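K.L.:
Pasting a structure here, questions to come.
The values are calculated or read from the model by the stated rules, or taken from the named source; none is laboratory data. What you see is a predicted model; the values in this text were computed from it and never measured. To get the accessible areas, we keep the full protein, side chains included, count just its heavy atoms, and leave off ligands, DNA and RNA. Shrake-Rupley method; radii C 1.70, N 1.55, O 1.52, S 1.80 Å.
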Amino acid sequence: SLGRALRETFDLKAQVYILRQTAKDLLAGHDFSLAIQEFPGGPLEVAVSFLQEDSHQSAAEARELEEQVVRTLSPILICEDWQWAPYRSASRPNVPQMCTWCGVPIHFSDETLGVFSVASFQRERAITKEQFELIKVLAYEAAGAFENALAFKKEQQRARHLAVLNEIGRKLNSVMNP
């Protein structure tokens, strides 16, 4: 299962790869993005960006949508052209636009959030309601594993800092007590 595969490693990059591969297998023809806050209330940082050629031009639109998911703590599914009106800027007519987009919040126990998003740059209604429910499950499965990986990474940093402080203390002690 996805949850087991994600929990077999504490490497966040490996977990993201597993999630992306699973999503690609289940939702062929779609593109994926993942953004995570580093601290509660902080800005979303893109951990994985869309692979779609020229998608960086749609990045601002995607970031706005991800921020909306974080503000409302609710998933969003936009699958028809008329649904884009509140989110699209008329000042970007030449930007390759997403035809379908969904974003699902990822909740962590320290109150930080992430957003797992899926997009189609080719067609409207590319994500069905059933697929949207599946994406919610994928995000839920990923949340626990990502949280464990982030906690492991923080603990490794803390251990390195303590090792440096310990070494400084030993050197100071040897200077003070030759």
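K.L.:
Of all the accessible heavy-atom surface of the chain, with the other protein chains kept in place and a 1.4 Å probe, what percent is carbon and sulfur?
P.N.:
Carbon and sulfur: 55 percent of the exposed surface of the chain.
K.L.:
Still on this structure, I have one more. In percent, how large is the relative contact order of the chain, given Cα pairs closer than 8 Å and 6 or more residues apart?
P.N.:
25
K.L.:
Next up: At 1.567 mPa s and 4 °C, plugging the Kirkwood radius over alpha-carbon pairs of the chain into Stokes-Einstein gives what diffusion coefficient in µm²/s?
P.N.:
Calculated translational D: 72 µm²/s.
K.L.:
Could I ask something else about it? Under 27 Å Cα-Cα from Lys136, which lysines qualify once same-chain neighbours fewer than 8 residues away are excluded?
P.N.:
The qualifying lysines are Lys13, Lys24, Lys153, Lys154.
K.L.:
Next up: Please determine, in degrees from 0 to 90 and to the nearest 10, the orientation of helix 59-72 with respect to the longest principal axis defined by the Cα atoms of the chain, where the helix direction is its Cα long axis.
P.N.:
The two axes meet at around 80 degrees.
K.L.:
Per residue, what accessible area does the chain have, given a 1.4 Å probe and all protein chains present, in Å²?
P.N.:
Result: 59 Å² per residue.
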